[in-house]
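The values are calculated or read from the model by the stated rules, or taken from the named source; none is laboratory data. Only a predicted model underlies this, so the values are computations on that prediction, with no experimental measurement involved. Note: ideal-geometry Cβ built from the backbone for every residue, glycine included; neighbour counts use all protein chains shown. Keep in mind that these areas ignore ligands, DNA and RNA; they rest on the heavy atoms of the full protein, side chains included. Shrake-Rupley method; radii C 1.70, N 1.55, O 1.52, S 1.80 Å.
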Amino acid sequence: SAQMRVVLRDIEALLRAHERAWPDGIAVRFVGIGQYGLDVNVNAWFLTTDFGEFEVIRQELLLSIIEVVERAGTSLALPAQVVRVEQAEPAIDTSGADVR
């Protein structure tokens, strides 16, 4: 819980410090415990009408959010899937011939 509090606080501070952020549009909330990790909702509005500028702002803030998480001593959870492949023994019919 201590790491989560630091992450939430520091992401909000990061957003509030951004020169193009609209202060009333910022919200950083812990919203649930998911299948693969802890869910955080980050909402922010930026004072720009240029989509290219918005994409640059978003990219830099997302990278900065990763840095906040890493500084807190944790990491982002990524969905993982384990696949186990086994080779079955060939079946033998009653005549003794291999059946595959």
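A few remarks follow.
- Single residue of the stretch 57-71 satisfying the filter (more than 12 Å from the chain's Cα centre (by Cα) and more than 25 Å from Ile33 (Cβ to Cβ)) that is least open to solvent (accessible area, probe 1.4 Å): Ile57
- When the stretch 9-50 is filtered for residues that are assigned to a helix (DSSP H, G or I) and without any contact (Cβ under 8 Å) to a residue 60 or more places away in the chain, the ones remaining, listed by number, are Arg9, Ile11, Glu12, Ala13, Leu14, Leu15, Arg16, Ala17, Pro23, Asp24, Gly25.
- So Gln3, is it assigned to a helix (DSSP H, G or I), within 17 Å of the chain's Cα centre (by Cα) and modelled with pLDDT under 95: yes
- Against the test of being within 16 Å of Met4 (Cβ to Cβ), at pLDDT 80 or above and surrounded by 12 or more Cβ atoms within 10 Å (Cβ to Cβ), the options Thr74, Thr48 yield a single qualifying residue, Thr74.
- Residue in the stretch 29-37 that is open to solvent by less than 50 Å² (accessible area, probe 1.4 Å) and in contact with a strand residue (DSSP E or B) (Cβ under 6 Å, 6 or more places away or on another chain) present: yes
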